[in-house]
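Each value in this text was obtained by applying a stated rule to the coordinates, not by laboratory testing. Just so you know, these numbers come straight off a predicted model, no measurement behind them. Backbone-built Cβ (ideal geometry, glycine too); neighbour counts: all protein chains shown.
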Amino acid sequence: MDEIALHGVHTYTDVDRRFWHEHLEEWAPRRIFDAHVHVVNPRYRVDTVSEEMRRSHWAAELSDGQEAETAERAYRTVFPQREVCCLAFGLPNLGWDLIGANESLRAEAAERGWYTLAVVRPAWVAEQVEAILDQPGVIGVKPYYACIEYDRADWDKHLESSIFSFLPHHQLEVLDSRRAWVTLHVPRAERLGHPDNIREIREIRRRYPHVRLVVAHLGRCYTLPHAKEGLRPLTDDPEIYFDNSAVLNPDVHEFALRTIGYTRILYGTDNPVCYLRGRRQWHGRHYVNRTSHPFHFNTERESPEIEAQYTLYMYEALRALKEACRRLGLGEDAVRALLHDNARRLVGQITEEEPSQSREVARLSTERSHGPRTSGLVPVSVRLPDWRQRIRMKDGPQKERRETIRHLLAQQGSLRVRDLVHRLGVTSMTVRRDLASLEQEGVVLRTHGGCVIQSPMVPELSFTEKDALRGKQKAAVARAAVKHVRAACSIFIDTGTTALHFARALSDDMGLRVFTNNLRVAMELFSRDAFEVIVYGGVLAKRSPDLAGELSLTRIREFRLDLAILGADAIDTTRGHVYAADIPTAQLDALVAEQASKVMILADSSKLDKHSLALVTTLGPGITLVTDNEASRSSLARLRRTGADIVIAEYEHDDRS
């Protein structure tokens, strides 16, 4: 038979057909749930993969996104006469427009009866994560250390990071309150067994017990020594789950099944990576990926006769799992649990679907892309649940509820959503709607999982009014910030007067490409030949010489930035929230922060310990804040606890000024 295209250079051949019928046809259950598959529309890639990047890490050569249609077609090919559902997520690195890719996948998955995880950045605030989880079909998140900061030259720059550097506590609070799924790719070269990984996973389980934690790739334990070091310490917690994606070693599968048990392991393909044709070999704690394709990493080829018998990595992984089950005497019930029931049960706990009332999965036809169906199975329509049915309690009288919240807040100063749910007898969504309404009235300020009494907001001032305030402090902040800018890079300079001071402080020998929506910044650099200046389009603001609106948002998505220089109207030092005084600026700055490899926020000390109208981002790893030395020690201590880099500009107070 002819070869069938799977994805990219990968195809399905007669070798794979024979392998399936010889090793897997009688063993694989009728229904399969793939709990780890990457699906992303290529149009959301914002940076091309260079040859240098492909050579830097073997996975970089295999990380081109497969579209939903491609994945669906591949399922029909590699799992003949099987019903397949999946939990899909995009490629977790900042070479992609994560917001657009997440939403596109959600829509595509809904059409097919699949579920999705959103790829998230640690800089995203709690409210952003809540909004993502409100979307139908999104049952959790996929964090990853590569989402801390974008580095084209170093795929694993943040490999040695703490888990909390890319899965921060403010996001975990939301995920815990929503009982959401987290697929965790553990960091560190020592893999799951690194003592800090074990300690941090235990901390997550202790502090956020309602998170459905799934450790990906059996904790990256692809060799038996790593499995023994990493899996044993976590066997005593029955609520830690593992997916076995990309594990091809039967000894590792056997050890995992023996120590963890088959009810806590979920099947995953890790496709499109495991469409790779070849095999993996192990030597103690090390392994080698063999393949017949001339990838950069494939420097030690085997003979043509051996390579001709290679099958797909995903099939080798299934054969390894089958062998482990044979060694342990595990029968059909265990295999069915591993390849379908465990993941389906966990999804049901999150979506509140009963097993007998689960979402009807789109039955994938056995029709090959080039021929007729070979069985009586036919596609059925996808019946999606009404997600509003999850709200099972009737809302109480709105006015009475909100008066109760006002009264409690006046007494206590702060409240938590979970306490209000219990007190008012309504759902968490009802409480959040009430808090959102009260926030619009200026009564409360919503926080991670609750609210506090609203304090006076920073008003929106005109550009002229801002320019007259604290000029020397702003200039000091700008000079300090310029020292951290490398030459010949692409930077964005934000609105505001501190940004204007920054532009004035730039040296002509830096050779920068400057993107801006600040007309004053553009005019400041206009006469300086050393700079290439690109001005985004948009609508001119009423009170400042800035451009914003949909046109600006659209244009920004077209460019990759090395550095974003953002201003701030207010910063809540306790929560690390960075605010703008108007919504258009906040929307623009939030998007710029997504597009930039690094973010630097310039804010003199008068902006600290305040809040304003619209949230831009949250301080954390990968973000630098530059402020002046009039900031209080307590404020600086709180800021440093966010994980952001804090730069202090030395400003000498002049009594004559």
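Quick notes
- A straight line joining the Cα centroids of the stretch 251-311 and the stretch 611-631 runs 45 Å.
- Charge dipole (Cα centre; +1 on Lys/Arg Cβ, -1 on Asp/Glu Cβ; no other charges) of the stretch 463-649 amounts to roughly 440 debye.
- Under-5 Å amide H pairs with residue 494, H placed in peptide plane, nonlocal only: 565, 567
- Peptide ranges 313-321, 415-423, 518-526 listed from the most packed, as the mean C-beta count within 10 angstrom indicates: 313-321, 518-526, 415-423
- If you take all other residues with their beta carbon under 14 Å from the beta carbon of residue 535, and give Lys and Arg +1 and Asp and Glu -1, the sum is -2.
- Farthest toward the positive end of the dipole of the stretch 112-264, out of 172, 184, 227, is the Cα of 227, where the dipole comes from beta carbon charges about the Cα centre.
- For the stretch 543-635, the Kirkwood estimate of hydrodynamic radius, built from reciprocal distances between every pair of different alpha carbons, is 13.6 Å.
- Candidates per GluC sites (Glu not before Pro) in the stretch 152-239, loop by DSSP, up to 11 other Cβ within 10 Å: 239
- Convex hull volume of the Cα atoms of the stretch 463-649, normalised per residue: 98 Å³.
- Within straight-line reach of residue 322, meaning a Cα separation under 14 Å, sit the following aspartates and glutamates at least 8 residues removed in sequence or on another chain: 22, 25, 26, 251, 254, 332, 333.
- Cross-link check: pairs 483/607; 157/598; 472/607; 474/607 evaluated at a Cα-Cα cut-off of 20 Å; pairs beyond the cut-off: 483/607.
- Potential lengthening between residue 199 and residue 484 on full extension [0.36 nm per residue; Cα-Cα distance subtracted]: 99.2 nm
- 157, 322 arranged by Cβ crowding within 10 Å, fewest neighbours leading: 157, 322
- Positive-end residue, the stretch 1-154 charge dipole about Cα centroid, Cβ charges, pick of 123, 33, 6: 33
- The distance separating the Cα centre of the stretch 165-179 from that of the stretch 104-155 comes to 13 Å.
- 610, 598 arranged by Cβ crowding within 10 Å, fewest neighbours leading: 610, 598
- Gyration tensor (Cα) of the stretch 236-344, equivalent ellipsoid semi-axes in angstrom: 28, 14, 13
- Each residue of the stretch 124-224 gets 107 Å³ once the volume of the Cα convex hull is shared out per residue.
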